[in-house]
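S.K.: Once you've had a glance at the structure underneath, I'll fire off some questions.
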Amino acid sequence: MKHTHKLLILMFSFVLFSCGNDKKNNQVDYSSKKAPVKKEVQKEKPKEAPAVKKEAMANVDLSNKGIGPVKSLDISGAIDQKLADEGKELFKNKCSACHRTNRKFIGPNPTGVFDRRSPEWVMNMIINPEEMLKKDPIAKALLIEYNGSPMANQNVSEKEARAIVEYFRTLK
């Protein structure tokens, strides 16, 4: 029994020493100069714009009349300057908080709007923004493009909207 006990102690000591001797060989030298680590700069893949946003940017749809009371509007004649002046004043009072005529702001720049949208669509957007934002694909895309800032309903009458449209015609 004593021999077995001594033999076990001897074997246990041998195992301990055999495991402990390799520490010096396995130590990592942190004081040595580190090789420069090259960081690979991964170019971030351009995020694909949501399909709806692409639609707004690329969608020049003059056939879309929008959703609202205005079904047809002919603006091919000469500009009615008196009506345009009235529209300019309305625009200044009701629309300029979000729209600028010289740049993109909270909402789209109305300059050249009839190159992108039908006059009926513009009128319906002015008169009926809530329903347009719910149902019209272009209005939905614009909502996303303009960071979710919905067009506020300014309770503009159809007659006032027509004046604003006339003012938009003067913008170059």
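The values are calculated or read from the model by the stated rules, or taken from the named source; none is laboratory data. Predicted model, so just to flag it, every value in this text is computed and none were measured. Please note: Cβ atoms are built from the backbone with ideal geometry, for glycine as well, and neighbour counts cover all protein chains shown. Please note that ligands, DNA and RNA were not included when accessible areas were found on the heavy atoms of the full protein model with its side chains. Shrake-Rupley method; radii C 1.70, N 1.55, O 1.52, S 1.80 Å.
S.K.: Give the shape of the stretch 81-170 as rounded, prolate or oblate, defined through the alpha-carbon gyration tensor: a ≥ b ≥ c are the square roots of its eigenvalues, a/c under 1.5 means rounded, and otherwise the shape is prolate if a/b is larger than b/c and oblate if not. Mind showing how you got there, number by number?
M.R.: On the way: a/c = 1.60, a/b = 1.42, b/c = 1.13.
Prolate, since a/c reaches 1.5 and a/b exceeds b/c.
S.K.: Follow-up. How much of the accessible area of the stretch 81-170, in percent, comes from carbon and sulfur atoms when a 1.4 Å probe is used? Write out the running numbers ahead of the final one.
M.R.: Numbers: 2270 of 4460 Å².
Heavy-atom surface of the stretch 81-170 belonging to carbon and sulfur, 1.4 Å probe: 51 percent.
S.K.: What number comes out for accessible area per residue over the stretch 81-170 if the probe is 1.4 Å? Units Å², please.
M.R.: On the way: 4460 Å² over 90 residues.
Ligands and nucleic acids excluded, the figure is 50 Å² per residue.
S.K.: Please give the FRET efficiency for residue 59 paired with residue 82, using the beta carbon to beta carbon distance and R0 = 41 Å, rounded to the nearest 0.05.
M.R.: Details: r = 34 Å, r/R0 = 0.82.
Working from the Cβ atoms, E equals 0.75.
S.K.: Right, here's the next one. Using a 1.4 angstrom probe and counting only protein chains, how large is the accessible area of residue 101 in Å², to 10?
M.R.: Counting only protein heavy atoms, residue 101 exposes about 50 Å² to solvent.
S.K.: Give me the distance in nm between label points sitting 7 Å out from Cα along the Cα-to-Cβ direction at residue 130 and residue 152, one decimal.
M.R.: Modelled inter-label distance: 1.6 nm.
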